[in-house]
Structure formats: structure tokens, C-alpha cells
1. Just checking, does the stretch A:137-152 include any residue being in a helix (DSSP H, G or I) and either free of Cβ contacts under 8 Å to residues at least 12 places away in the same chain or not basic (Lys, Arg) (or both)?
2. Which ones in the stretch B:545-584 are open to solvent by 50 Å² or more (accessible area, probe 1.4 Å), touching a helix residue (DSSP H, G or I) at 6+ places or on another chain (Cβ under 6 Å) and in a loop (DSSP other than H, G, I, E, B)?
3. Considering each of B:Asp112, B:Asp74 in turn, give the residue that is over 19 Å from the mean Cα position of the chain (by Cα) and not assigned by TED's automatic domain parsing to the domain that holds B:Asn541.
4. Return only the number of the condition from (1) away from ligand 2 (no atom under 16 Å from the Cβ); (2) within 24 Å of A:Gly75 (Cα to Cα) that A:Gln182 does not satisfy.
5. Can you spot a residue in the stretch B:444-459 that is at pLDDT 95 or above, crowded, with 23+ Cβ neighbours inside 10 Å and in a loop (DSSP other than H, G, I, E, B)?
6. Residues to consider are B:Tyr183, B:Tyr162; find the one that is part of a strand (DSSP E or B), more than 14 Å from chain A (Cβ to nearest Cβ) and touching a helix residue (DSSP H, G or I) at 6+ places or on another chain (Cβ under 9 Å).
7. Among the residues of the stretch A:209-252, how many are farther than 20 Å from A:Pro175 by Cβ and surrounded by fewer than 19 Cβ atoms within 10 Å (Cβ to Cβ)?
8. Going by the conditions given, is B:Pro345 in contact with a Pro (Cβ under 7 Å, 6 or more places away or on another chain) and surrounded by 24 or more Cβ atoms within 10 Å (Cβ to Cβ)?
Amino acid sequence: MATPVMDKAEAEAAASPYITVTFRIRRFNPELSEHAVWEDFPIEIDPKERVLDGLHKIKWDLDGTLTFRRSCAHGICGSDAMRINGKNRLACKTLIKDINPEKPITVEAIKGLTVLKDLVVDMEPFFQAYRDVMPFLVTKGNEPTRERLQSAEARERFDDTTKCILCAACTTSCPVFWNDGQYFGPAAIVNAHRFIFDSRDEAGEQRLEILNDKDGVWRCRTTFNCTDACPRGIEVTKAIQEVKRALITRRF
Amino acid sequence: MKIHKYDTVIVGAGGAGMRAAIEATKRSRTAVLTKLYPTRSHTGAAQGGMAAALANVEEDNWEWHTFDTVKGGDYLVDQDAAEILAKEAIDAVLDLEKMGLPFNRTPNGTIDQRRFGGHSRNHGEAPVRRSCYAADRTGHMILQTLYQNCVKEGVEFFNEFYVLDQLITEVDGVKMSAGVVAYELATGEIHVFQAKSVIYASGGTGKFFKVTSNAHTLTGDGQAACYRRGLPLEDMEFFQFHPTGIWRMGILLTEGARGEGGILRNKDGERFMEKYAPVMKDLASRDVVSRSIYTEIREGRGCGPEGDHVYLDLTHLPPEQLDAKLPDITEFARTYLGIEPYTDPIPIQPTAHYAMGGIPTNVEGEVLLDNTTVVPGLYAAGEVACVSVHGANRLGTNSLLDINVFGKRSGIAAAEYAVKSDYVDLPEDPASLVVDQVERLRNSTGSERVAEIRRELQETMDANVMVFRTEQTIKTAVEKIAELRERYRNVSIQDKGKRFNTDLLEAIELGNLLDLAEVMAVSALARKESRGGHYREDYPNRDDVNFMRHTMAYREVGDDGSETVRLDYKPVVQTRYQPMERKY
Ligand SMILES: Cc1cc2nc3c(=O)[nH]c(=O)nc-3n(C[C@H](O)[C@H](O)[C@H](O)COP(=O)(O)OP(=O)(O)OC[C@H]3O[C@@H](n4cnc5c(N)ncnc54)[C@H](O)[C@@H]3O)c2cc1C
Ligand code: SF4
Ligand code: FES
């Protein structure tokens, strides 16, 4: 490698980075009022920072009552899916500069799950749908003494759907889910896919029957919102299509 | 206030907590209390892998692994525990595979393995491929797999319950665990869980540093709860600074990147690790690499306008290899730095990563009251605990291993103890400490702010007790922490409500961080030697005569209510390996 010179990121950092950005946040606190309201917070922030950094600035320096979930701060724990400028994203994986900071940035809770306070929703129905698809390996017969063998290709077959962090960005961007909370939703199907296409698993038929239900995969209208929303880059719609095809052909 | 009764209560649902839960639920009536939804736990952030001498790709055995662990820990490791860790590693990996974990595979279908820092063939001869992995999201896959199996076993979770106090009752002069007190985030309600056994699996405490790979929620709540009740904390001065955090942000870029062939370079493009560790080079143990990076920076060979970082260079690796083996960390570089790792080196700096110290336990996970006595019914496992298998410096991939081996052991031991024991009476007014704490914060009109104290704490920790320490810097930290603790009494919060009051919990978490920062600094001040992650510039050598011993820190409350840290020491268990100079 040649001698490194000052690169682009560093040159930018050397100049004063701060700009003023307005966060327009959908506030709701049932202890105070049954109505939700929009509230504006102008803050100084480096546009290379995350939306989560902006929310922290507000909570830590301006208004301690602002409430949201977060933990890892780098897109791996799935705590902070929210609607940012009308699209579902993780606040910790969305940089200010990438969402047009010239205009107020709107932040609200994800849709389709009950809002409990500010950006916090009730995740129980979401996790219930996940638990309903038998999201665990099922095998028959005796356990081998060593590991089960699996070829690299067979492992690759379901690689994409193992990436899911259960953030709910997909499910809560789905118009079918908004209209009918009974639909399993894309995330549960993704997690069923992860096992249906795992060569070691022997409960594919059972999972397919569960998803063949009236609230199962056939509800999907292939709007691709889920795929767009997924912060892990999972091809969610494709996974759903593969499950549908497996239901028809019973091959997986 | 609500009172619940369970045989076994587990505090935390990360890797250690869920591994314990799978065992405990099969054997006893078990509840898992966790402040985060299980799948949000920071085990999910682990990238590189989990060590086990499977010997799937080259010759290896658990004795070599034991040696590497002892040497990596700069001989402060309890060797009986390290031997268990290395021996049981093999089953721990096979257990996970059988539970469904999608490990990367070799061409013949077995679990693939790769190199990692400090793991060697035949006692240091050359790097060995010992790390079992699933791309660069091994921790994610462990966390998901364990949660999946908890669903399968019907484990009972109390999600978003914050455990804030450990209950201890004295029975015939013996201190016994009686249960825990928890705060329910959704409602603000306080719950007492009476339990025959309690397992702490509440993770690390990295948030007292500013540049850290740790999640916002890693605030040492379990360590602090036990410490406040008079239990010791072991080896808290030993904290690991991982060499490759994203510059200024601290987000981790796994050592697996160097295992795959990545190289550290200074501003002259020089592969500087060749100077410091001629054999293991970029894969020397983490404390060695972190110090080397800072030495480069201090001697003016750092990169960037401020010369405050170095580069992790992956540009010579084929893009297909990066995509297949390191997809997540290359994406972090793109997302957070706008850098394309195929063509550009990534700016990095050491990041506060892992607490080697914690709640002292024996190899069954039983918590110690002093150097030898256990607290009946109390267990700890994972990063919150100190067994001690990591000694003064943990090897990469040994923590995912630790949480599985000792999570399982403590789950079995705690449940077996619970089924053969009776409930211990709760202390009178069991929730009083938590009720007082919550009420005081909710009603306080003080002028101090949580965020400001936390910021100052993190700054002083980064400046004074990080990779390089001296008497002077540690004293500065001790004084600053004392000042902050004083100011903390006067802290107030804005949210006075009951529902989802995260303002309140951040204040409580800060209190925990302040207590633990003090323990760390006081322990570090007294250790006048350099060993593993604890490096004293004024005492640059290891001193086995005076300091081949574990620190045991106790909280002492004076008659006037003043609090101090009292230090004591505990011998190290040595079996077959005599301390040698550590070279890589
Ligand atoms: C970025 C990163 C990468 C890593 N990579 C590797 C690697 O490749 N290999 C390796 O071996 N190690 C790695 N490590 C280290 C390893 O991942 C951790 O040490 C380990 O996962 C800790 O697991 P745990 O179960 O002890 O804690 P965690 O997974 O942190 O879980 C803690 C649990 O405790 C709960 N909790 C905390 N406080 C409370 C409270 N007050 N009340 C109730 N519940 C509470 C939380 O909700 C959570 O469920 C890495 C660490 C980091 C940060
Ligand atoms: S599929 Fe993607 S968007 Fe949906 S829950 Fe999983 S990670 Fe989130
Ligand atoms: S905080 Fe973990 S995904 Fe955003």
C-alpha cells in the first residue's frame, strides 16, 4: 500500500462539521394525554452522525421524557426500528446526511403495533407470530456423536434468512399487516424459511402447513415494502415467494 | 409490589443467561428476567467466532488451547478453570450445532475453523485454526439459536424487567441468596422474586468508557447489585481494549479480519506489528496489539490530520473473500465511514471491549463471599462473572466459549441446588432499597444531569485508565470519580412518570457505572505491575513475586455512612504451567 494521505473522510472531519437539523417527533404519553402530537426539536449535529445520536442529544440535553428503545447502536440488536421520514429504518443505521437534513426529519413509531409511549410499541404480537412458526431446528432419530454434516452449498441455501435481527421493520411496513394484524407478517415467514430450507431440519411440512393458514403466506401481495425496509439486506419478498413455491411443489 | 416465587431465577438473557435457562428450565421452575428482549442482548454483536480444538482443519488439541488461554491471560488465569473451558469447548460447539447453529462448513461438511489472535499450535509455534464461526456474525447466530431453543423448551421470560437489587438473608450465620428485586419498565411496578437459586448473567460494564464496542445497556448492573450487598468483585482493573474499533466510534471490527489476512499499517504504510510480535504479528494477543498501536500513534506514526489512528488494511484480500467471510464489518465501514474496504484501508483505534473481572465464582458458577466461602443459592456466568478463565487478558473467541460452558454449568448447578433446597425467608421489607432509590430519583430537584456526569465519567476513564496507565493518571481518575459520585447524589431526572421511564433507568445505570469505575480505578492503583490488559508505564514489568494474585474488592461502609473500596487478594490456581515471559 502506498503511504496513506489525508483521505476524504478525514478532510471532511477537519472542517467544522455541525449543522442545525430539526427533528419532528411524534410524541405520545398516555399518562399525560390520550392524543399524540408532533413536537419539533432543533439540534446541532454532525451530518455524519446517526439519527440515534440525534435522539440521544434530545433526550440527554433537552427533554429526558423522550422515550425510545436502543442498545447496540450499530444495527445488530434490532431495538430501534422506527419510521424516519415515512420509511421504516433503524435509527442507529441511518446517517443524518442520507435523509435530507435540510427539511425537518420526521420520526415516529413503527405502524401496526400498539404505541405505548413515544417511539415504543408493543412487540408481543410480533414475537408471538415468530414463535408460532416453530422457529427452531427439529430433527428425528438419534443424535450423532459429532456435528451433523452439511455441505457449504446446503448451508448457503438459507444463509440470507439467518441474518434476521427481529427488528420488525419489514412486518410493520407491510400494508396487509396494517389492515389485518392476524397476518403472520414477513418476519415470521423469513424465520420459517430459515428452517424450511435448512437441510438438517425435518419439520418443513409442519411449518408449511402453519403458513398455509388463511393468515399465512397467501396474504402476501408482493409489494416489496418489506425488502426495502430490511436493514439487514435480506431479500424478504424472495423468501416469501420461495415459501409459496414450496407450498405448491412441496419441494424444499 | 408483587411477589413471585420460582426455583431458579436467571438475571439476563444473553448467551450465558439463555444457555443456563435451557438447562435450568428442564430441571426446575425457572424465570428469566431481562432488561432487554433476549435477542437484543449484546452477545448478538459478537463477530469472530468461538474457540474449540475440534481439529477439523488441522491438528489441534484442548491442552494447547488451555496453554494459550493461560498464557494469553498473562498467567493470572485459574488453570483448573481454563482446563475445563478448553476441554468442554468441544461439546459446547457440538451442542450448538445440534441446536441448529448454522456454522460455516469445510468442503467435507464439518464445521469450518479459522485463525484468531493468541491461539497457537503446540504452545506458541504458529497460529492454529481453532475458531468455529458463522461468517462474521457468530454471536448473532449463537444468540438466535439459543433463543430458538428457549422457545422450543418453553422458557419463561420477563422481558424489560430490570434487576436492581440482590436479596441476602443470614441463616444460622450463613449468608444465603433469597431472591432479587426487579423494576418493570412498562409499568414502573416493583417485583420481588423469591428464588432458591439466582444466576447472574447480566453481561459487561463497558459503558464507563467513551470509545467502546459495548452497547448502551452494558452498565454492570449485576456486578453493582452484588457489590452493594457486600460481595466482592474480582480483578476489576483488568479490562480489554480491542485493537480494532472504528475510529472515534468504537464499533468493533473483528479480529477475524486479521485472521483472514488483514494487516495493520501506520501512516508510512508500514506493517508495524512485525516489530512488536515477530511470530504472531497482527495476530498477537489483544493487549499487545493495542499497546503497539498506541506506541505508533505516540511516536508520530499515526494516520490522519491528528495522527490519532492507524489503518486496518483489507485491500489485498479478494472481494469475494470479504463478502463471504466478513460481510458485516465491511458494511459497517461503508455505512459509518463511507469507506469501501475493497479499495481503501479502514481507520481504527483501540476500543474498550471486555471486562475480565467481575463477580468471583468457582467452576460450578457458585458466587464467592470471600476467597473460599460460597454464597448458597447464588451463581454467576458470562461476562458478569470472573471464574477466572481470562486472567489479565481474554483471548478472542474465548468469551463466546465461556458463556456456553459456564452458562450451561451454572444452569445445571443452580437448578440442582434449587430442587433439593428450601426457600430462604425474604428479608424484612425486601423492596425497600429499590423503592427508596426510585423514589429519591423521581422526587429529586437537584441540579445535576445524568448525561453530563456520564460524559465526564467516560472522558476521564478514556483519558486515564485505558491502554496506558500511571500512578498519576489513575489518581486523577480516582479523584474525578469521587467528585462525580458526590455530584450524583444531587442528580435529578425530567421524566417523573411510571410508564417506560428510561430517564429514570439511565440514572440508575449511571449510579452502577460510577460504583464500578471506582472499584476499577482503586484496584488498578494498587496493582503496581503490568500484566495483560493492565499496563502501568511506571511499572512496565510483570511482578510475579508481589502480584501473582487476584484482586478482591469489597465495599466498606464507615460508621458515618462513608463508602470506601477495601482491597484484598486471592491466590491464583496454578496446575501445570509455570509463568513464563509472554512473547508472540
Ligand atoms: C462487538 C463485540 C464483539 C465480540 N466478539 C466476540 C467474538 O467473536 N468471540 C468471543 O468469544 N467473544 C466476543 N465478544 C465478547 C462476547 O460477545 C461477550 O463477552 C458475551 O457475549 C457476553 O455474553 P453475556 O451473556 O455474558 O452478556 P450479554 O449478551 O451482554 O447479555 C446480558 C444480558 O443481561 C441482561 N441484563 C443486564 N442488566 C440487567 C438487569 N439489571 N436486569 C435484568 N437483565 C439485565 C440484558 O438484558 C442481556 O440479556 C464480543 C463482544 C463485543 C462487544
Ligand atoms: S427480515 Fe429484516 S426487517 Fe424483517 S425483522 Fe428480520 S431483519 Fe428486521
Ligand atoms: S440500537 Fe441495536 S439495532 Fe439499532
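1. Yes - at least one qualifying residue is present in the stretch A:137-152.
2. B:Val573, B:Gln574, B:Thr575
3. B:Asp112
4. Just one mismatch for A:Gln182, condition (2).
5. No, because not a single residue in the stretch B:444-459 is at pLDDT 95 or above, crowded, with 23+ Cβ neighbours inside 10 Å and in a loop (DSSP other than H, G, I, E, B).
6. The unique qualifying residue is B:Tyr183.
7. Residues that pass the stated criteria total 10.
8. So B:Pro345 does not fit the description; no.
The values are calculated or read from the model by the stated rules, or taken from the named source; none is laboratory data. As the structure is a prediction and not an experimental result, all values here were calculated from the model. Methodologically, a virtual Cβ is constructed for each residue, glycine included, from the backbone with ideal geometry; neighbour enumeration extends over all protein chains shown. For the accessible areas, the whole protein counts, side chains as well, though only heavy atoms, and no ligand, DNA or RNA atoms are used. Shrake-Rupley method; radii C 1.70, N 1.55, O 1.52, S 1.80 Å.
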